[in-house]
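The values are calculated or read from the model by the stated rules, or taken from the named source; none is laboratory data. Predicted model only: the values in this text are computed from it and were never measured. Note: ideal-geometry Cβ built from the backbone for every residue, glycine included; neighbour counts use all protein chains shown. Quick note on the areas: whole protein, heavy atoms, side chains included, nothing else; ligands and nucleic acids left out. Shrake-Rupley method; radii C 1.70, N 1.55, O 1.52, S 1.80 Å.
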Amino acid sequence: MRFTYAEAMTDPAFYVPLAQAAERVGFDSMTVADSICYPEDSDSVYPYTPDGNREFLENKPFVEAMILAMALGAATTTLRFTTFVLKLPIRPPVLVAKQAASVAYMTNNRLRLGVGVSPWPEDFQVMGVPWERRGKRTDEAIDIVRGLTNGGYFEYHGEIYDVPSIKLNPVSTQPIPILIGGHSDAALRRAVVRGDGWTHAGGDPEELDRMLEKLQKIRAAEGKTDAPFEIHVASADAFTVDGIKRLEDKGITDVIVGFRNSYEVAPDAEPLEQKIANLENYAESVIDRVA
């Protein structure tokens, strides 16, 4: 089992010391959240809160995901960084490929690219991208990012994008893992067909079991049950050694661990010292005992 530390919407000055502390106590990875902007007027809902409320995002600081990943990578040596998740279809895929290749190269292959479809039409509107056919746009963007970051000349001629034969330089010395976020059936299928794994956003344990079962069925139908596949899960079971064993038995490869409710509307008032203490306590009670 590998351990990922989740922190977001906190004082940006905290990120470097938190990444260094997470690396020191034995975490494998740290999440990097993505949010472009907060609209003044919107009737959109958030799919991962019980009432669909997205108020928790207003006035919260978000450093651009690739910039933050690079800053944290420069301050650490082994910790990996997982975008959680990058809203891929609102961005030009060639630019995403260039950014991801650069971060992965400069951090010695320590980037995991978690991607998903933004649930909010406003993100598409402000970026000048159609909301319609967003699933197809995401699929093609994944193909383009993967093709360009693998090195060599690559071209793509799809329904949405048309990319002439081009090459990026530099690229990482290892393929960048692409993880697919989302709880919909389409997201689960995309994770199996186009991704190297799936990343979970938390929620009801029974719903997680349903999604894990669905993933297994899709992998079997696609003939991929023996292929490497990462499953990153946010679960209450991640806070005990016995719970970790239960997750391992379900095929989970990575647990995502946070120590506060990031959906709180109020600003994060927890001091840096307490956040570091949370990491140390978790490492002592869970990571060290699992290891």
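Can you name the residue in segment 102-142 that is among the charged types (D, E, K, R) and not in a loop (DSSP other than H, G, I, E, B) and is also surrounded by the most Cβ atoms within 10 Å (Cβ to Cβ) among such residues? Even if it seems obvious, please write down each step before you answer.
Looking only at segment 102-142, we keep the residues that are among the charged types (D, E, K, R), and these are 110, 112, 122-123, 132-134, 136-137, 139-140.
Adding the requirement that they be not in a loop (DSSP other than H, G, I, E, B) leaves 112, 122-123, 134, 136-137, 139-140.
Details: Arg112: 28, Glu122: 19, Asp123: 23, Arg134: 20, Lys136: 14, Arg137: 23, Asp139: 21, Glu140: 22.
Restricting to residues being among the charged types (D, E, K, R) and not in a loop (DSSP other than H, G, I, E, B), the top hit is Arg112.
How many residues does segment 12-49 contain that are more than 20 Å from the chain's Cα centre (by Cα), at pLDDT 95 or above and open to solvent by 50 Å² or more (accessible area, probe 1.4 Å)?
Selection size over segment 12-49: 2.
Any residue in segment 143-154 that is without any contact (Cβ under 8 Å) to a residue 60 or more places away in the chain, open to solvent by less than 50 Å² (accessible area, probe 1.4 Å) and under 30 Å from Asp41 (Cβ atoms)? Don't jump to the end; show me each part of the working.
Pass one, segment 143-154, residues without any contact (Cβ under 8 Å) to a residue 60 or more places away in the chain: 143-154.
Still in the list and also open to solvent by less than 50 Å² (accessible area, probe 1.4 Å): 143-145, 147-149, 151-152, 154.
Now drop any that are not under 30 Å from Asp41 (Cβ atoms), which leaves none.
Among the residues of segment 143-154, not one is without any contact (Cβ under 8 Å) to a residue 60 or more places away in the chain, open to solvent by less than 50 Å² (accessible area, probe 1.4 Å) and under 30 Å from Asp41 (Cβ atoms), which makes the answer no.
Do any residues in segment 31-57 that are outside any loop (DSSP other than H, G, I, E, B) have Cβ atoms under 9 Å from those of residues that are at pLDDT below 85 and open to solvent by 50 Å² or more (accessible area, probe 1.4 Å), where the two are at least six apart or on different chains, and which pairs are they?
none
Could you identify the single residue in Glu222, Glu230 that is farther than 17 Å from Ser184 by Cβ and in contact with a strand residue (DSSP E or B) (Cβ under 6 Å, 6 or more places away or on another chain)?
Glu230
Looking only at segment 272-282, decide whether some residue is assigned to a strand (DSSP E or B), crowded, with 17+ Cβ neighbours inside 10 Å and not β-branched (Val, Ile, Thr).
Going through segment 272-282, the residues assigned to a strand (DSSP E or B) turn out to be none.
Within segment 272-282, none of the residues are assigned to a strand (DSSP E or B), crowded, with 17+ Cβ neighbours inside 10 Å and not β-branched (Val, Ile, Thr).
Based on what the data block shows, is Ile144 farther than 18 Å from Ala65 by Cα and touching a Pro at 6+ places or on another chain (Cβ under 8 Å)? Lay out the reasoning, then the answer.
On the way: farther than 18 Å from Ala65 by Cα: yes; touching a Pro at 6+ places or on another chain (Cβ under 8 Å): yes.
Taking the combined requirement at face value, the residue satisfies it.
In segment 58-75, which residue that is in a loop (DSSP other than H, G, I, E, B) and of a type in the set (A, V, I, L, M) is most open to solvent (accessible area, probe 1.4 Å)? Walk me through how you get there before you give the answer.
Taking segment 58-75 as the starting set, the residues that turn out to be in a loop (DSSP other than H, G, I, E, B) are 58-64, 75.
Those left that are additionally of a type in the set (A, V, I, L, M): 63, 75.
On the way: Val63: 51, Ala75: 33 Å².
Among those residues, the one meeting the criterion is Val63.
State all residues of segment 209-240 that are of a type outside the set (D, E, K, R), surrounded by fewer than 13 Cβ atoms within 10 Å (Cβ to Cβ) and assigned to a helix (DSSP H, G or I); if no residue qualifies, say none.
Ala220, Ala221, Ala236
How about segment 177-202: which of its residues are closer than 24 Å to Tyr105 by Cβ and either open to solvent by less than 10 Å² (accessible area, probe 1.4 Å) or under 9 Å from the mean Cα position of the chain (by Cα) (or both)?
Scanning segment 177-202 gives Ile178, Leu179, Ile180, Gly181, Gly197, Thr199.
Quick check on Ser172: is it surrounded by fewer than 20 Cβ atoms within 10 Å (Cβ to Cβ), among the hydroxyl-bearing types (Ser, Thr, Tyr) and either without any contact (Cβ under 8 Å) to a residue 12 or more places away in the chain or in contact with a strand residue (DSSP E or B) (Cβ under 9 Å, 6 or more places away or on another chain) (or both)? Full working, then the answer.
Working: surrounded by fewer than 20 Cβ atoms within 10 Å (Cβ to Cβ): no; among the hydroxyl-bearing types (Ser, Thr, Tyr): yes; either without any contact (Cβ under 8 Å) to a residue 12 or more places away in the chain or in contact with a strand residue (DSSP E or B) (Cβ under 9 Å, 6 or more places away or on another chain) (or both): yes.
Criteria not met by Ser172.
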